[in-house]
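A short worksheet on the structure shown next.
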Amino acid sequence: MGDCQSLPGTFYLLVTGEPQISFNTLCSHLSTGTRFGGPILDKVLYVHIKKTQVEKQCLEFYNHVNTKKSSSPAVQVELYYESLCGGCRNFIITQLYPTWLMLGDIMNITLVPYGNAMEKNDSGKWEFQCQHGPDECLGNMIEACLMYFLKNVDDYFTVIFCMEYSGNVSMIFETCLTAFNPALSSKQVRECASGDLGNKLMHQNALKTGSLKPPHQYVPWIVLNGEHTDDIQNRAQNALFNLVCETYTGSKPGACSQKKEVIPLKRELLCLK
(Lines give C-alpha, C1' and ligand atoms only; values in the text may rest on other atoms or scores of the structure.)
Protein backbone atom coordinates (compact mmCIF):
# COMPACT_ATOMS: atom_id res chain seq x y z
CA MET A 1 0.00 0.00 0.00
CA GLY A 2 3.00 2.31 -0.35
CA ASP A 3 1.39 3.92 -3.41
CA CYS A 4 -1.36 5.32 -1.21
CA GLN A 5 1.19 7.78 0.17
CA SER A 6 1.54 9.36 -3.28
CA LEU A 7 -2.06 10.58 -3.32
CA PRO A 8 -1.88 14.34 -3.95
CA GLY A 9 -3.19 16.60 -1.22
CA THR A 10 -4.12 15.76 2.33
CA PHE A 11 -7.48 14.32 3.29
CA TYR A 12 -8.78 13.91 6.81
CA LEU A 13 -11.66 12.00 8.28
CA LEU A 14 -12.70 14.04 11.30
CA VAL A 15 -13.57 11.98 14.33
CA THR A 16 -15.15 13.89 17.19
CA GLY A 17 -13.03 13.74 20.32
CA GLU A 18 -10.25 11.75 18.68
CA PRO A 19 -7.16 12.63 16.64
CA GLN A 20 -7.69 13.16 12.92
CA ILE A 21 -7.18 10.07 10.78
CA SER A 22 -5.45 10.75 7.48
CA PHE A 23 -7.12 9.65 4.27
CA ASN A 24 -4.02 7.64 3.40
CA THR A 25 -4.40 5.66 6.62
CA LEU A 26 -8.13 5.08 6.17
CA CYS A 27 -7.72 4.19 2.49
CA SER A 28 -5.00 1.69 3.35
CA HIS A 29 -7.07 0.05 6.08
CA LEU A 30 -10.22 -0.18 3.97
CA SER A 31 -8.42 -1.66 0.96
CA THR A 32 -6.61 -4.33 2.98
CA GLY A 33 -9.44 -5.21 5.33
CA THR A 34 -7.30 -4.22 8.31
CA ARG A 35 -9.34 -3.21 11.32
CA PHE A 36 -8.73 -0.08 13.35
CA GLY A 37 -8.48 -0.70 17.06
CA GLY A 38 -9.71 0.94 20.24
CA PRO A 39 -12.02 3.92 20.62
CA ILE A 40 -11.00 5.47 17.30
CA LEU A 41 -12.73 2.63 15.45
CA ASP A 42 -15.91 3.06 17.48
CA LYS A 43 -16.04 6.72 16.45
CA VAL A 44 -15.11 6.04 12.80
CA LEU A 45 -18.20 3.86 12.41
CA TYR A 46 -20.40 6.88 13.07
CA VAL A 47 -18.95 8.96 10.23
CA HIS A 48 -20.71 8.60 6.90
CA ILE A 49 -17.98 7.27 4.63
CA LYS A 50 -19.83 8.16 1.46
CA LYS A 51 -20.86 11.65 2.46
CA THR A 52 -17.29 12.49 3.46
CA GLN A 53 -16.31 11.19 0.00
CA VAL A 54 -13.76 8.74 1.31
CA GLU A 55 -15.14 6.01 -0.92
CA LYS A 56 -15.08 8.31 -3.95
CA GLN A 57 -11.52 9.40 -3.22
CA CYS A 58 -10.36 5.79 -2.81
CA LEU A 59 -12.06 4.78 -6.04
CA GLU A 60 -10.65 7.73 -7.95
CA PHE A 61 -7.17 7.04 -6.62
CA TYR A 62 -7.10 3.32 -7.34
CA ASN A 63 -8.92 3.60 -10.65
CA HIS A 64 -6.80 6.57 -11.73
CA VAL A 65 -9.84 8.86 -11.78
CA ASN A 66 -11.59 6.48 -14.15
CA THR A 67 -14.68 4.96 -12.57
CA LYS A 68 -16.78 4.77 -15.73
CA LYS A 69 -18.78 1.56 -15.79
CA SER A 70 -17.85 -1.06 -18.35
CA SER A 71 -20.32 -2.82 -20.63
CA SER A 72 -18.98 -6.16 -19.34
CA PRO A 73 -21.23 -7.93 -16.82
CA ALA A 74 -20.50 -7.19 -13.19
CA VAL A 75 -19.32 -9.99 -10.93
CA GLN A 76 -22.27 -11.24 -8.85
CA VAL A 77 -21.45 -11.98 -5.22
CA GLU A 78 -24.18 -13.47 -3.01
CA LEU A 79 -23.66 -13.83 0.73
CA TYR A 80 -25.87 -16.14 2.80
CA TYR A 81 -25.19 -15.37 6.43
CA GLU A 82 -26.53 -14.83 9.94
CA SER A 83 -26.06 -11.62 11.87
CA LEU A 84 -24.24 -12.99 14.93
CA CYS A 85 -22.03 -15.63 13.32
CA GLY A 86 -18.43 -14.60 13.99
CA GLY A 87 -17.25 -15.93 10.63
CA CYS A 88 -19.98 -14.03 8.76
CA ARG A 89 -19.13 -10.81 10.56
CA ASN A 90 -15.45 -11.31 9.84
CA PHE A 91 -16.13 -11.84 6.13
CA ILE A 92 -18.32 -8.74 5.88
CA ILE A 93 -15.84 -6.57 7.76
CA THR A 94 -12.52 -7.74 6.33
CA GLN A 95 -13.47 -8.94 2.83
CA LEU A 96 -16.86 -8.01 1.42
CA TYR A 97 -17.24 -4.40 2.52
CA PRO A 98 -13.65 -3.28 1.70
CA THR A 99 -13.84 -5.07 -1.67
CA TRP A 100 -17.17 -3.43 -2.47
CA LEU A 101 -15.75 -0.01 -1.59
CA MET A 102 -12.86 -0.51 -4.00
CA LEU A 103 -14.57 -2.52 -6.76
CA GLY A 104 -18.21 -1.46 -6.55
CA ASP A 105 -18.25 -0.56 -10.24
CA ILE A 106 -17.50 -4.12 -11.34
CA MET A 107 -19.43 -6.14 -8.77
CA ASN A 108 -22.98 -6.50 -7.46
CA ILE A 109 -23.70 -7.93 -4.04
CA THR A 110 -26.74 -9.70 -2.61
CA LEU A 111 -27.10 -10.13 1.16
CA VAL A 112 -29.40 -12.82 2.54
CA PRO A 113 -29.54 -12.80 6.35
CA TYR A 114 -30.91 -16.12 7.57
CA GLY A 115 -28.10 -18.67 7.64
CA ASN A 116 -28.61 -21.78 9.75
CA ALA A 117 -31.95 -20.70 11.19
CA MET A 118 -35.01 -22.94 11.17
CA GLU A 119 -38.64 -22.00 10.63
CA LYS A 120 -42.04 -23.50 11.33
CA ASN A 121 -45.52 -22.30 10.55
CA ASP A 122 -47.69 -21.75 13.61
CA SER A 123 -51.30 -20.82 12.82
CA GLY A 124 -50.33 -19.04 9.61
CA LYS A 125 -47.36 -17.13 11.06
CA TRP A 126 -43.75 -18.18 10.72
CA GLU A 127 -41.66 -18.74 13.83
CA PHE A 128 -37.89 -18.76 13.61
CA GLN A 129 -35.20 -20.39 15.69
CA CYS A 130 -31.74 -18.96 15.06
CA GLN A 131 -28.39 -20.58 15.69
CA HIS A 132 -27.24 -17.86 18.09
CA GLY A 133 -30.58 -17.23 19.76
CA PRO A 134 -33.36 -14.61 19.60
CA ASP A 135 -30.94 -11.67 19.30
CA GLU A 136 -29.66 -13.12 16.05
CA CYS A 137 -33.21 -13.52 14.73
CA LEU A 138 -33.85 -9.88 15.56
CA GLY A 139 -30.60 -8.81 13.88
CA ASN A 140 -31.47 -10.82 10.77
CA MET A 141 -34.91 -9.19 10.59
CA ILE A 142 -33.58 -5.68 11.13
CA GLU A 143 -31.07 -6.12 8.32
CA ALA A 144 -33.74 -7.60 6.04
CA CYS A 145 -36.01 -4.64 6.81
CA LEU A 146 -33.21 -2.17 6.12
CA MET A 147 -32.71 -3.72 2.69
CA TYR A 148 -36.46 -3.68 2.05
CA PHE A 149 -36.84 0.03 2.82
CA LEU A 150 -33.57 1.37 1.44
CA LYS A 151 -33.53 -0.82 -1.72
CA ASN A 152 -30.11 0.35 -2.97
CA VAL A 153 -26.96 -1.34 -1.69
CA ASP A 154 -25.27 2.06 -1.64
CA ASP A 155 -27.79 3.13 0.99
CA TYR A 156 -27.96 0.08 3.24
CA PHE A 157 -24.59 -1.69 3.13
CA THR A 158 -22.68 0.84 5.22
CA VAL A 159 -25.42 0.67 7.87
CA ILE A 160 -25.16 -3.13 7.96
CA PHE A 161 -21.35 -2.96 8.03
CA CYS A 162 -21.58 -0.62 11.02
CA MET A 163 -23.95 -3.00 12.79
CA GLU A 164 -21.85 -6.09 12.11
CA TYR A 165 -18.69 -4.40 13.35
CA SER A 166 -20.28 -3.51 16.68
CA GLY A 167 -20.66 -5.77 19.69
CA ASN A 168 -24.47 -5.79 19.79
CA VAL A 169 -26.00 -5.79 16.31
CA SER A 170 -29.61 -5.09 17.26
CA MET A 171 -28.82 -2.47 19.90
CA ILE A 172 -26.38 -0.43 17.80
CA PHE A 173 -28.52 -0.32 14.67
CA GLU A 174 -30.25 2.95 15.56
CA THR A 175 -26.90 4.68 16.03
CA CYS A 176 -25.64 3.27 12.73
CA LEU A 177 -28.83 4.25 10.91
CA THR A 178 -28.73 7.80 12.30
CA ALA A 179 -25.11 8.15 11.24
CA PHE A 180 -25.35 6.67 7.77
CA ASN A 181 -28.95 7.02 6.60
CA PRO A 182 -30.95 9.30 8.93
CA ALA A 183 -33.77 9.74 6.40
CA LEU A 184 -35.13 6.31 7.35
CA SER A 185 -36.93 6.16 10.69
CA SER A 186 -35.55 3.59 13.14
CA LYS A 187 -39.10 3.20 14.47
CA GLN A 188 -40.25 2.12 11.02
CA VAL A 189 -37.50 -0.49 10.89
CA ARG A 190 -38.29 -1.75 14.41
CA GLU A 191 -41.98 -2.09 13.53
CA CYS A 192 -41.05 -4.01 10.40
CA ALA A 193 -38.76 -6.37 12.35
CA SER A 194 -41.39 -7.12 14.99
CA GLY A 195 -44.37 -7.28 12.65
CA ASP A 196 -45.85 -9.14 9.73
CA LEU A 197 -43.56 -7.54 7.16
CA GLY A 198 -40.40 -8.68 8.90
CA ASN A 199 -41.91 -12.14 9.31
CA LYS A 200 -42.62 -12.27 5.58
CA LEU A 201 -39.14 -11.01 4.65
CA MET A 202 -37.48 -13.60 6.85
CA HIS A 203 -39.60 -16.38 5.34
CA GLN A 204 -38.51 -15.22 1.89
CA ASN A 205 -34.88 -15.43 3.01
CA ALA A 206 -35.54 -18.91 4.37
CA LEU A 207 -36.84 -19.96 0.95
CA LYS A 208 -33.84 -18.41 -0.84
CA THR A 209 -31.43 -20.14 1.51
CA GLY A 210 -33.29 -23.43 1.26
CA SER A 211 -33.15 -23.37 -2.55
CA LEU A 212 -29.36 -23.19 -2.70
CA LYS A 213 -27.71 -25.81 -4.91
CA PRO A 214 -25.71 -27.38 -3.49
CA PRO A 215 -27.47 -26.95 -0.12
CA HIS A 216 -25.46 -24.83 2.28
CA GLN A 217 -23.48 -26.63 4.96
CA TYR A 218 -22.26 -23.59 6.88
CA VAL A 219 -22.19 -19.82 6.81
CA PRO A 220 -20.88 -17.56 5.48
CA TRP A 221 -21.94 -19.31 2.26
CA ILE A 222 -20.59 -17.47 -0.76
CA VAL A 223 -21.97 -17.75 -4.29
CA LEU A 224 -20.06 -16.23 -7.21
CA ASN A 225 -21.88 -15.69 -10.52
CA GLY A 226 -24.49 -18.23 -9.46
CA GLU A 227 -22.00 -20.92 -8.45
CA HIS A 228 -20.69 -22.23 -5.15
CA THR A 229 -17.66 -24.51 -4.90
CA ASP A 230 -15.13 -25.20 -2.18
CA ASP A 231 -12.54 -23.34 -4.26
CA ILE A 232 -14.75 -20.26 -4.64
CA GLN A 233 -15.51 -20.30 -0.91
CA ASN A 234 -11.86 -20.57 0.10
CA ARG A 235 -10.66 -17.95 -2.35
CA ALA A 236 -13.44 -15.53 -1.36
CA GLN A 237 -12.75 -15.86 2.35
CA ASN A 238 -9.00 -15.62 1.82
CA ALA A 239 -8.92 -12.69 -0.63
CA LEU A 240 -12.26 -11.68 -2.18
CA PHE A 241 -10.69 -8.61 -3.77
CA ASN A 242 -8.32 -10.76 -5.83
CA LEU A 243 -11.12 -13.16 -6.78
CA VAL A 244 -13.41 -10.39 -8.06
CA CYS A 245 -10.59 -8.84 -10.09
CA GLU A 246 -9.67 -12.20 -11.61
CA THR A 247 -13.30 -13.10 -12.36
CA TYR A 248 -14.25 -9.82 -14.02
CA THR A 249 -14.12 -10.21 -17.80
CA GLY A 250 -13.95 -6.53 -18.74
CA SER A 251 -11.07 -4.08 -18.68
CA LYS A 252 -9.63 -4.26 -15.17
CA PRO A 253 -9.95 -1.10 -13.08
CA GLY A 254 -6.77 0.41 -11.71
CA ALA A 255 -7.60 -0.90 -8.25
CA CYS A 256 -6.98 -4.45 -9.50
CA SER A 257 -3.29 -3.68 -9.87
CA GLN A 258 -3.11 -3.70 -6.06
CA LYS A 259 -3.10 -7.41 -5.17
CA LYS A 260 -4.22 -8.12 -1.62
CA GLU A 261 -2.57 -10.42 0.88
CA VAL A 262 -4.06 -13.92 0.96
CA ILE A 263 -4.99 -14.82 4.54
CA PRO A 264 -5.22 -18.58 5.24
CA LEU A 265 -8.78 -19.64 6.05
CA LYS A 266 -9.40 -20.73 9.63
CA ARG A 267 -12.02 -23.36 10.43
CA GLU A 268 -13.46 -21.20 13.23
CA LEU A 269 -14.49 -18.63 10.62
CA LEU A 270 -17.38 -20.91 9.63
CA CYS A 271 -20.63 -21.46 11.53
CA LEU A 272 -21.54 -25.06 10.73
CA LYS A 273 -25.13 -26.02 10.00
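Details
- Residue in the stretch 223-242 that is on the phi < 0 side of the Ramachandran plot, in contact with a helix residue (DSSP H, G or I) (Cβ under 8 Å, 6 or more places away or on another chain), among the small types (Gly, Ala, Ser) and part of a helix (DSSP H, G or I) present: yes
- Scanning the stretch 99-111 for residues that are open to solvent by 20 Å² or more (accessible area, probe 1.4 Å) and of a type in the set (Phe, Trp, Tyr) yields no hits at all.
- Here Ile93 fits the description: surrounded by fewer than 16 Cβ atoms within 10 Å (Cβ to Cβ), part of a helix (DSSP H, G or I) and under 11 Å from the mean Cα position of the chain (by Cα).
- Selection status of Cys245, buried (at least 16 other Cβ atoms within 10 Å of the Cβ) and closer than 22 Å to Ile93 by Cα: yes
- Of the set (1) over 25 Å from Tyr156 (Cα atoms); (2) open to solvent by 60 Å² or more (accessible area, probe 1.4 Å); (3) within 19 Å of the chain's Cα centre (by Cα); (4) of a type in the set (D, E, K, R), all apply to Lys259 but (3).
- Extreme residue, most open to solvent (accessible area, probe 1.4 Å), among residues of the stretch 168-215 that are in a helix (DSSP H, G or I) and small (Gly, Ala, Ser): Ser194
- Applying the condition of being over 13 Å from the mean Cα position of the chain (by Cα) and over 13 Å from Val244 (Cβ atoms) to the stretch 69-88 and asking which residue is most open to solvent (accessible area, probe 1.4 Å) yields Lys69.
- Single condition Lys252 does not satisfy, out of (1) more than 30 Å from Lys125 (Cα to Cα); (2) part of a helix (DSSP H, G or I): (2)
- Qualifying residues in the stretch 112-167 (those that are of a type in the set (Phe, Trp, Tyr) and in contact with a strand residue (DSSP E or B) (Cβ under 6 Å, 6 or more places away or on another chain)) - the one most open to solvent (accessible area, probe 1.4 Å): Trp126
- Residue in the stretch 240-256 that is closer than 21 Å to His132 by Cβ, touching a residue at least 40 places away in the same chain (Cβ under 8 Å) and among the aliphatic types (A, V, I, L, M) present: no
- When we screen Glu174, Glu261, Glu164 for residues that are of a type in the set (D, E, K, R) and over 30 Å from Pro73 (Cβ atoms), the only hit is Glu174.
The values are calculated or read from the model by the stated rules, or taken from the named source; none is laboratory data. Remember, predicted model here, so these are calculated numbers, not experimental data. So basically every Cβ, Gly included, is an ideal-geometry build from the backbone, and we count neighbours across all protein chains shown. These area figures cover heavy atoms from the full protein model, side chains too; ligands, DNA and RNA do not enter into them. Shrake-Rupley method; radii C 1.70, N 1.55, O 1.52, S 1.80 Å.
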